[in-house]
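What follows is a set of notes on a single structure, which appears directly below.
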Ligand code: MN3
């Protein structure tokens, strides 16, 4: 059985950039529903019970057909949201002070501003619901990729694979109360609440 992780901060910790009500609904309703539905899907398949979420998501093609989509959507939803909460913070973190991360960002994107611009551009180009990710590839290089729905770059079905080190939810439920249709504004403001320490920690 999978369980909903606690948010590592209070609902209002990311204000004014991400409002408390959005955080509460996003965590307590949306994320909780992914966990409930993932558990429901797995209940019918006790033989999958001892497999980790990472194992299930990297082998979706090998899953029984009747639960494959449920695990991809809800298992992906659970993984992605757990990952999302962890890398945000109400305390300002200056990413440029982190040498390992800053060196990599500068190497692959020029500088932080160029990286942010490119990241937001990718998020804007993702049609409908999905995620935009910063991934580290096997050769150590960094790349920005996007996925539809609740897919992520770890999944065997992902078009572009890599180890996610940062990811932003661009489903409307992540920003609609505060930003309505203004996804660009949400993507421009999220940098105020990024825990770059966490992003760096995720790098190999
Ligand atoms: Mn979401």
Legend entry - Ordering of 31-40, 73-82 by burial proxy (mean other Cβ atoms within 10 Å per residue, highest first): 73-82, 31-40
Inset, instruction - Output the relative contact order of the chain, whole-number percent, from Cα pairs under 8 angstrom with separation of 6+ residues. - result: 24
Inset, instruction - Counting helices only, and only those DSSP H runs with n ≥ 4, report the 222 nm mean residue ellipticity of the chain as the sum of -39,500 (n - 2.57) divided by its residues, in deg cm²/dmol to the nearest 500. - result: -11000 deg cm²/dmol
Legend entry - residue 125-residue 103 FRET efficiency (beta carbon distance; Förster radius 30 Å; 0.05 resolution): 0.65
Legend entry - Most to least packed among 148-160, 180-192, 43-55 [average Cβ atoms within 10 Å]: 148-160, 180-192, 43-55
Legend entry - Förster-model FRET efficiency, 35 Å R0, residue 82 and residue 181, C-beta, rounded to 0.05: 0.80
Inset, instruction - Using Cα centres only, tell me the gap between segment 83-109 and segment 142-204 in whole Å. - result: 13
Inset, instruction - Could you check the simple spin-label distance between residue 93 and residue 66, using points 7 Å along Cα→Cβ, in nm with one decimal? - result: 4.3
Inset, instruction - Highest first, please rank the peptides 198-204, 170-176, 2-8 by the mean number of other Cβ atoms sitting within 10 Å of their residues. - result: 170-176, 198-204, 2-8
Inset, instruction - Apply the Debye scattering formula to segment 145-188, with a single equal point scatterer on each alpha-carbon and no solvent, then give log10 I(q)/I(0) at q = 0.14, 0.33 Å⁻¹. - result: -0.39, -1.15
Inset, instruction - Averaging over all projection directions, find the projected area of the Cα convex hull of the chain and quote it in nm² with one decimal place. - result: 10.9
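Bear in mind that the values in this text are calculations on the coordinates, not laboratory data. Worth saying up front: this structure is predicted, and the values here are computed from it rather than measured. Here Cβ is always computed from backbone atoms with ideal geometry, including for glycine, and neighbour counts include all displayed protein chains.
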